[in-house]
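The values are calculated or read from the model by the stated rules, or taken from the named source; none is laboratory data. Computed from a predicted model, the values in this text were never measured in an experiment. Virtual Cβ from ideal backbone geometry, glycine too; neighbours counted across all protein chains shown.
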Amino acid sequence: MKFWSPFASLLAIAAAAPNSRGGNIIRLPLNRKSTEVAGHVDMSALNTHLIGVSNKYRQTFSAFEAKTGSAHPLSGKMRSSVGKRGDGVVPLINQGAELWYGEIDVGTPKQTFNVSIDSGSTDLFLPSVSCLDCAGHKMYDAALSSTAKDELKITMLSYGAGKVEGNEYSDDIYLGGYEASNQIFLAASSYSSNFVYPTFRPDGLVGFAFENISSLEAKSVFETISDSGVLPENVFSVKLSSTSGESELYIGGMNSDLYVEDTLTYTAVTEKGYWQVNLEAVSRDGSTVASNSPSIIDTGTTMIVTATDAAEAYYQGIPGSSSSTQGEITYYTIPCNTIGSYTPTFSFGGRTFDVSEATFNLGPESAGSSDCLGGIAGMSDVDFWVVGGVFLQNVYTVFNQGNIQVGFAELA
């Protein structure tokens, strides 16, 4: 059984595997943080993480409205408070269940950083050498880079209980060897406690969503690379896993060794900003509990999060299930010996994908408890589905910027 507790103690980071190169595609191994804490879920840390998810969407909804002049269609419940070239693979390391991270290079000569990979936001931030709160992190030194330019703007990015603040810079960013020239990012002079090492093991965070939700009013690193015309395909793909060495980010295409090809199914992005798609159905034990719901595919979120009433509908009628509310978030438990009978199935693009017990069961809610935390939580200020790691660890996910669509496939 796997026990998830975001921002718990860390496993030592495995040495990055050398890049495997084939054609003009970059594989980046991803690493992942351990989330086991004394054999049960760290509910306080999990709650802090999900508050961060809520605030991330507040920030990015606000950025969307500033960019487009219109409120984002999904911002309804949050709106009152809205006011976020190479040729080869990059390994990803999993930081908690809530984020995976890999390496990027910045500047001339290159400075190397570990960054969390987040498809639910757009901006890149790194700690700067002026940051007094960033001991333990590798810090960006603009003075050492001949391609760095101070954009003379001070900006704060909010990620719930965590925030970073500093100066905007542009510099050359290298993702697995591909270059994003003159990329705008935040060089932070201040990290709040949630981003202090070792609570937050990566140095920074890189977003993979669209410019429309950028608080820096900038393209994502991937958009900048894609616009340069060097990619074989304007696509990035991910496999996320709690098993060490099995997660990766693939830039410029898909890794056909990792998925069953005839199961790859695409669904269109319905609103360019997030990787937002129509969730055709959520079912449990053969019964549909939600249908035709807007959803955001978010590698930066641990759980599956939805409106409180939708979460309630999912757990309704499950023997022995119970709920508890902490602020705006409602969690649900199911007896540990039966939770495997109540895992969800999600439908995208006309195909169904099952969530395994291993990812849906987050572990006992407390030490010695016989009740286990389910992987779907309710949130009072959302009316859409945030599809995070609980689902994404069960599929191979393709983010196709060229055709503005998301693909899912069964894992090989």
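Screening SER228 on (1) surrounded by fewer than 22 Cβ atoms within 10 Å (Cβ to Cβ); (2) within 29 Å of PHE408 (Cα to Cα); (3) under 22 Å from the mean Cα position of the chain (by Cα); (4) of a type in the set (Gly, Ala, Ser) shows it passes everything except condition (3). Flag: ARG85 matches the condition of being at pLDDT below 55 and more than 20 Å from the chain's Cα centre (by Cα).
So, in the range 319-363, how many residues would count as being outside any strand (DSSP E or B) and β-branched (Val, Ile, Thr)? The total comes to 5. Restricting attention to the range 380-412, the residues that are more than 16 Å from VAL260 (Cα to Cα), of a type in the set (S, T, N, Q) and in a loop (DSSP other than H, G, I, E, B) total 3.
Pairs are defined by a Cβ separation below 8 Å, a sequence spacing of at least 6 or placement on different chains, a first member in the range 312-326 that is at positive phi, and a second member that is part of a loop (DSSP other than H, G, I, E, B); the pairs so defined are GLY320/THR338. When SER121, SER193 are checked against the criterion of being surrounded by fewer than 19 Cβ atoms within 10 Å (Cβ to Cβ), of a type in the set (Gly, Ala, Ser) and in the same structural domain as ASN55 (by TED's automatic domain parsing), SER193 stands alone in meeting it.
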